[in-house]
Amino acid sequence: MRITLGVTGGVAAYKSAELVRRLQQEGHSVQVVMTRAAREFITPLTFAALSGQQVISDLFAGAAGGEANLESAIEHIAVAQRTDLLLVAPATADILAKFARGIADDFLSTLYLASTAPVIVAPAMNVNMWQHAATQENLATLRARGVRIVEPGEGYLACGMTGPGRLAGQEEILKSVQEVLQAKQDMAGETLLVTAGPTCEDIDPVRFLTNRSSGKMGYAIAETAAQRGAKVTLVSGPTGLECPEGVERVGVRTTEEMLHAVQKHFPASTIAIFAAAVADYRVADPSPNKIKRSGEALTIRLEPNPDILATMAREKGDRLVIGFAAETENVADNARQKLAAKNADVIVANDVTAEGAGFDVDSNIVTLFSRDGRDLPLPRMSKAEVAQRILDEALRLRSALRSKPASHRAGD
């Protein structure tokens, strides 16, 4: 894999030289990007000799601060496009703040914004800087965006203080690198069907019933599964989101349209994840013309829509079926009841009234209720991280399912 190693200005920068060697021993190609402050602690020549590649440290200059040219002016785009992982170790409070706030005033911060590769940061700084509210807020922002944080260790620091702030050990950093890179292909051979977004039910040609779902959770699952090697079909209600790369998107509008699309693609799937917030009811007699204001009360008769999750779970066979439960009260009890009633394998439940969870936000707080009795509460994290955990649980259950005799699988 091609790893870009960002080195920032702190005493721990010297440890990055050994990290380059260890990454190469793991079979990775390493491109080093240094901030100007990092060059005060260790020279670019050291990294160039170790990595066998040019070291980049200036945004508008060539390798190691050489003469500016057109190629160097857009080099951050080229590096961003060819890297499989951006690792920053050590990551100072300054670079964390730049990443969190979208400041792009040097090569490394510009590369971060231009890259779509996974990002790992290993902070190292003074204990008071680490514990400062600003730094903790920046870390929370980065976590919510899917950046993996390798927490610093505790001990005696270069400043003479004791506490958290030491650069994490190389084994811990390498473990994070391995997990992030290996996660890309552990779903190879799986075919996922994912639903996402809201559905819309017409009242008349102008008005319709819908809900507040943005589709972000379902799209995050589809994108993450594709990155991990799965073949993914995304059946999506109306959203403003772009289809993830490598995902086949099927657009629908109503609940019935979503059911028909799901029925078409369900037979080919090995895992079906129903993350869409489908309308439970539709208008019984939608008006063919716009309903005019009359000044009187208006009664609209609703009738139930088909239950997509329950309908498909009855036919699941060897497939794994995962549903969602957006609740406002009694989350655990309602989720367990839904798990049994719908014949699902997992219910992902959350309280949509909780801060940082629910509709149209980038984070979520969920609990995974599995049919084998495991309850897995997750802290607030980005929807991309939640997607990873859901897929981890799916693989765990798929492995258990495949190990069972065929006579014990269907409908149990």
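Points to keep in mind about this one:
- No other residue among Glu329, Glu385, Glu393 is crowded, with 16+ Cβ neighbours inside 10 Å, over 23 Å from Thr141 (Cβ atoms) and in contact with a Ser or Thr (Cβ under 9 Å, 6 or more places away or on another chain) apart from Glu393.
- Qualifying residue in segment 71-86 (condition: modelled with pLDDT of 95 or more and either in contact with a Phe, Trp or Tyr (Cβ under 9 Å, 6 or more places away or on another chain) or aliphatic (A, V, I, L, M) (or both)): yes
- Filtering segment 132-146 to residues that are under 18 Å from Ile365 (Cβ atoms) and assigned to a loop (DSSP other than H, G, I, E, B) leaves Arg145, Gly146.
- Screening the candidates Thr239, Thr233, Thr191 for the property of being touching a residue at least 60 places away in the same chain (Cβ under 8 Å) and touching a helix residue (DSSP H, G or I) at 6+ places or on another chain (Cβ under 9 Å) yields one hit, Thr191.
- Contact annotation: no residue pair with Cβ atoms under 7 Å, 6 or more positions apart or on different chains, pairs a residue in segment 308-332 that is within 19 Å of Met258 (Cα to Cα) with a partner that is among the acidic types (Asp, Glu) and surrounded by fewer than 19 Cβ atoms within 10 Å (Cβ to Cβ).
- Flag for Ile308 being buried (at least 19 other Cβ atoms within 10 Å of the Cβ), modelled with pLDDT of 95 or more and under 19 Å from Thr210 (Cβ atoms): yes
- Test set (1) part of a strand (DSSP E or B); (2) surrounded by 15 or more Cβ atoms within 10 Å (Cβ to Cβ) - Glu303 fails condition number: (2)
- Consider segment 106-122 and keep the residues that are of a type in the set (S, T, N, Q) and part of a helix (DSSP H, G or I). The one that is farthest from Gln81 (Cα to Cα) is Ser109.
To keep it simple, each residue is scored yes or no on (1) over 19 Å from Phe274 (Cα atoms); (2) modelled with pLDDT of 90 or more; (3) aromatic (Phe, Trp, Tyr).
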residue	(1), (2), (3)
Ala335	no, yes, no
Ala340	no, yes, no
Val352	no, no, no
Ala357	no, no, no
Ile365	no, no, no
Arg374	yes, no, no
Arg380	yes, no, no
Gln388	no, no, no
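- Whichever residue in segment 362-382 is surrounded by fewer than 17 Cβ atoms within 10 Å (Cβ to Cβ) and free of Cβ contacts under 8 Å to residues at least 24 places away in the same chain and, among such residues, is farthest from Leu395 (Cα to Cα): Pro379
- Condition broken by Gly27, with the remaining ones in (1) within 28 Å of Gln185 (Cα to Cα); (2) buried (at least 23 other Cβ atoms within 10 Å of the Cβ); (3) not charged (D, E, K, R) satisfied: (2)
The rows are residues; the columns are (1) surrounded by 19 or more Cβ atoms within 10 Å (Cβ to Cβ); (2) under 28 Å from Val180 (Cβ atoms); (3) touching a Pro at 6+ places or on another chain (Cβ under 6 Å).
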position	(1), (2), (3)
Val206	no, no, no
Gly215	yes, yes, no
Ser236	yes, yes, no
Val250	no, no, no
Thr255	yes, no, no
Gln263	no, no, no
Ser269	yes, yes, no
Ala275	yes, yes, no
Pro286	no, no, no
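Condition check ((1) within 17 Å of Ala387 (Cα to Cα); (2) out of contact with any strand residue (DSSP E or B) (no Cβ under 9 Å at 6 or more places or on another chain); (3) in the same structural domain as Leu391 (by TED's automatic domain parsing)) across all residues:
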position	(1), (2), (3)
Ser213	yes, no, yes
Met217	yes, no, yes
Ala225	yes, no, yes
Arg228	yes, yes, yes
Val232	yes, no, yes
Val235	yes, no, yes
Gly246	yes, no, yes
Val250	no, no, yes
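- Contacts under 9 angstrom Cβ, first residue in segment 119-136 being in the same structural domain as Arg82 (by TED's automatic domain parsing), partner among the basic types (Lys, Arg), 6 or more apart: Val119/Arg145; Val119/Arg148; Ile120/Arg148; Val121/Arg148; Ala124/Lys15; Ala124/Arg166
- Among the residues of segment 154-201, those that are surrounded by fewer than 20 Cβ atoms within 10 Å (Cβ to Cβ), at pLDDT 90 or above and among the charged types (D, E, K, R) comprise Glu171, Glu172, Lys175.
The values are calculated or read from the model by the stated rules, or taken from the named source; none is laboratory data. The structure presented is a predicted model; accordingly, all values stated were derived computationally and were not measured. Heads up, the Cβs are rebuilt from the backbone with ideal geometry, glycines too, and the neighbour counts pull from every protein chain shown.
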